[in-house]
Amino acid sequence: MQQQHFPQLDSIERIEQGFEALGYICSPKIATAIFLAFQLRKPILVEGPPGVGKTELAKTCAELLALPLIRLQCYEGLDEAKALYEWKYGKQLLYTQVLKEKLGDLLQGAQGLAESVERLHQFSDIFYSEKFLEPRPLLKAMQQERGAVLLIDEVDKSDYEFESLLLETLSDYQVSVPEIGTIKAEVAPMVFLTSNNGRDLSDALKRRCLHLHIPFPSVELEQRIVLSRVPNIDQKLRQQLVDFVHRLRDLDLKKAPAVSETIDWARSLLLLHATQLDESLVRSTLNVLLKFEEDIQNAESDLPALLRQSKVAS
Amino acid sequence: MQSRLSAFIQVLRSHDVRVSPAETLDAMAVVAALGYAKRQQLRDGLAMSLAKTAREEAVVLRCFDLYFERQMADFKTRDTALGADFSSAQNPEQSASELSELAPNSASSERQELEQAAQHDPALEELLQSELMQHLLDNKRAELSLAIGQAAAEVGLNNIQLFTQKGQYTRRILDALGEEALRKASLSLEQADSPLLETLGSYRDKLRQQASEHVEREYLLLSEGRNRQLSDQLLSRTRLSHLENRYLQRVQELLRKMAKKLADKYSHKPRQGTRGRLDMARTLRGSIANDGLMFDTYWRRKRKDKSQILAICDVSGSVAAYAKFLLLFLYSLQDVLPKVRSFAFSSHLAEVSQLFREHSVERAIELANWRYGGATDYGASLVDFARLALDDINHSTTVIILGDARNNGGDPRLDIMQSIYQRSRRVIWLNPESRRAWGSGDSEMLRYQSACHLVAECNNLQQLERIVDQLLKQN
C-alpha cells in the first residue's frame, strides 16, 4: 500500500488555511487531528453534539484533497451486504440459465460422472469472481485508484456486530471476501467516523481511531464561522446573534442550538434585512434555532433579559 | 523521551485510563509525527490517541499538565525573593532560551567570589567541584531537572503512597543529589562568619523547594489514582446498608458502570430486517422440482429479537436500607437501557418508569420511596404486576426482582410467579438477605426460588457485579 502525497496536509498551519479557504473554520485541535490521521494513516472518530460540523469536516476534507467522498450512513440493521459487498445473485442466476446449453456442449464426450465433474471444476469459480461482485461503500473506498475520503456517518446507530465488521477495514484497509480472497486498498483512504454518543462504541473500534471531540465553538470561533458562511451579514448583528446563541446554550434546553442552526439563523436574518436583534424579530425566528416547542416556550420567557445582556456584551 | 512517555502512560493507567500496548505505540508515532516543539499540539495529539471518551480526555489533559510541567526555578538571580522567582519560572515559554544567555554574566561574579573564598575553605572547595554546584552556578535548569528526576528514581519516589511520606522522600532526593556538600560548606561559612553564606543559602533554599515541588507533583500524579482504586475496592465490598449518603455519588457511578455492562449486552441484539442473504442450498434444492429451474429463491431469515427488561423493586420497610441502592440500580438500568419498565411496590405495585424518566436520581428515589413505601404484600403486588404487565411478558422478556421475599405471612401467590416464569425468558431474583436467612420466619424466598431461573444474594456491589458478569456469561 502506498501513501499519496498531499502538499495540503504538510503542516498543521497549512491544513488550517486550506480548510478556511473552503469555508470551514477549524480549531487547531481539529487541524492536528487531520494531520495525525494522515501521517499515521489512522481513522478519526469524530464525536460531539449534533450540528457542530462533524459530517461537514469529512466533506471539506474530500474537497480539499480533491478526492471522491464515499459515504456510508449507518442505521440499525446495516449489514455486510449493504456495507461491504454483495454478490449479484440475479446475474449469477441468469448466467447459469443462459449457459445451460453451453454446459451440455462442454460435457460432451466426457466419460462418466467423475470426468464430467472434473471438467466442471475447471470453471468452478467463474460465478464467484470480481465480475459478479457488487461493491458497497467500504469496498468501493478500497478500490479507488487515487484514494478516497470515506465517511462512516453516525456509527453509533449501527449494531454491535457491524462494528466488528469495520475493524478489518479500519486497521488494515482491506476487505476479505471468502470466495475470492483479500482485497487490499491500493491507496489508503482517509476515514472519518462520526458518532453522536448514542451508545458506547466498543473499545476495539475506539482503539483503532484517533479520538476527536468537537465541542460547541467559542464565541470568537463561531463569529469567524458565521463570517465565512454568511459573509454579507452586518458585523454588529453578527456579534449580537452569536452572543445570543451562546446565551441560549447556557439555558436548560432539550436540544441546544448548534453551529448549523446559528448559520441558518444568520441567513434568515439576512433575508429579513435585519440590522439588529429586537424582541419581535427574535420571537418570530426562534423556531430556526430551537427545534422543540418546549424549548421555544422556555426561551421566550427569558427573551427580554437575554437580549439585553447580549446587546450590552456586543 | 521514550521512557518518559511510557512512565506518563503508567500514570494514566493509575488514573483509570486504559491504555493498551498498541496505543502506547500509537502515542509514540504521534510524538514522532508532531515533534516536541509545540507543546499545545503535542498535548492535543496525545489526548487524541490515548483517550477514548470525553472523560478520559480530560484526565489525559490534566495529567499531561502535571507531568510535563517540570519547569525549574531560575537560579541566576542573587536576590532571595523566592516568590517572585517562581512566578517567572511558572511561565514555560520564556524558560530555556533566555536563561542560557543571561546566566553566565550574572553568575560569573558570584562564582569568582566563591572561588576566592574557597581557597581558605576546604569544604567550599569540595562543593565547588561537585557537579551539582556547577549546574547551580551555571543555572543549567535542564540538567538540574534531570538530576532531580534521576535522584527521585534512585530513591524510589514512584512508590510514594501517603502524603506523610513527602518530607521523607524530599530528604532522600536531596541526599541523592549530593546536597550534603552544600550543607557542609554553608556550615563552615557560618563558622567563618562569611558574607557569602547568604548567597549559598539562597541556592540551597531553591534547590530544596524544587525537590519538594517535584515530590508534590509526583504525589498528586501517582497516589491520587492509587488511592481512588483503593477506595473503589473498599466501597464495593461494603454492605450497601452501611454506606453513607455521601458515598451515594460514587456508588451511583459504580452502579451505572455495571448497569451499562448489562445494557450493552442486551442492546446488542440487533433488530434486523427479515430478509437476509440468499440461501443458495435451499434455492438449489427447491429447483429440483422445477427441473433445475431456480424459480423460487429462498432467503435466510434473520431472527428478530426485541429483548425487554421488567424490573420490580421492593421498597418496603424491611429492605429500607437497601431500597435506595436497589432503586439506584434500577434507575441506572433504565438510564442506559431504552426498554426497561420499572416497578416499585410494598403493599401495592405501580410502574415508576415515568417517574424515573422525569426526575433526577435523588428526587426519583425519594418519590418512589415515599409514594410506594409501606408494609410488604408480595401477593397483592404480584396481582398488580400481573394486571399491568403479564400480557407483555414473552419469550424475550427478562424479569428482574429486587426484594427480600418477606411477605408478612400473606399469600405468596406463587401461581402468578410461576406464570411469569413460564412466559419469560429469564426471571432473576436478587435478594439482599444472606442465603442463610432465606426461608426463615416469614421469608418466602425458598418457595419463590422454584419459579426463578436465577436467584442470588446481593448486598454489596461486588456481589452485584458478579451477578451481572454471570448473567453476561450465560447468555
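No lab work stands behind these numbers, since they all come straight from the coordinates. Quick caveat, the model's predicted, so the values are computed rather than measured. Cβ atoms come from the backbone with ideal geometry, glycine included; neighbour counts cover every protein chain shown.
Relative to the current alpha-carbon distance between residue B:158 and residue B:120, full extension at 0.36 nm per residue lengthens the span by 9.5 nm. Among the residues of A:204-211, the average count of other protein chain beta-carbon atoms within 10 Å of the residue beta-carbon is 5. Treating r as the C-beta distance of residue A:186 and residue A:110 and R0 as 56 Å, the FRET efficiency rounds to 0.85. Measuring between alpha carbons in the structure, the pairs from A:29/A:157; B:52/B:324; A:157/B:339 lying more than 20 angstrom apart are A:29/A:157; B:52/B:324. Taking label points 7 Å from Cα along the Cα-to-Cβ direction, residue A:275 and residue A:96 give a separation of 7.7 nm.
With N counted as the residues of region A:85-132, its alpha-carbon radius of gyration over 2.2 N^0.38 Å works out to 1.29. In this simple spin-label model, placing a label point 7 Å from the Cα along the Cα-to-Cβ direction at both residue A:220 and residue A:250 gives a separation of 1.9 nm. In sequence order, region A:232-243 has phi-based couplings of 7, 6, 4, 4, 5, 5, 4, 4, 4, 6, 5, 4 Hz under the Karplus curve 6.51 cos²θ - 1.76 cosθ + 1.60, θ = phi - 60°, and Gly or Pro positions carry x. Axis of helix A:28-40 versus longest Cα principal axis of chain A: the two differ by about 10°, to the nearest ten degrees. Quick check: convex hull of the Cα atoms in region B:2-67, volume per residue, rounded to a whole Å³? About 74 Å³ per residue, rounded to a whole number.
Taken over region B:308-474, the alpha-carbon convex hull comes to 103 cubic angstrom per residue.
Distances between placed amide hydrogens fall under 5 Å for residue A:187 paired with A:147, all partners being 5 or more residues away or on another chain.
Relative to the longest principal axis of the Cα atoms of chain A, the long axis of helix A:293-313 lies at roughly 50 degrees.
Loop-resident trypsin sites (Lys or Arg not before Pro) (DSSP state other than H, G, I, E or B) in region A:109-203 with no more than 16 further Cβ atoms inside 10 Å of their Cβ: A:146. The charge dipole of region A:216-261, taken about its Cα centre with unit charges on the Cβ of Lys, Arg, Asp and Glu (plus for the first two, minus for the last two), comes to roughly 100 debye.
Geometric descriptor of the protein assembly as shown, per residue, is 270 Å³ (volume of the convex hull of the Cα atoms). The dipole here belongs to region A:235-314: it is taken about the Cα centre, uses +1 on the Cβ of Lys and Arg and -1 on the Cβ of Asp and Glu, and is about 320 debye. Three semi-axes describe the equivalent ellipsoid of chain A; taken as square roots of 5 times the Cα gyration tensor eigenvalues and ordered largest first, they are 53, 21, 17 Å. Peptide B:398-405 shows a mean partner chain C-beta count of 0 within 10 Å per residue C-beta.
How far is helix A:259-271 tilted, in degrees, relative to the longest principal axis of the Cα atoms in chain A, given as a value from 0 to 90 rounded to the nearest 10? Orientation of helix A:259-271: about 60 degrees from the principal axis.
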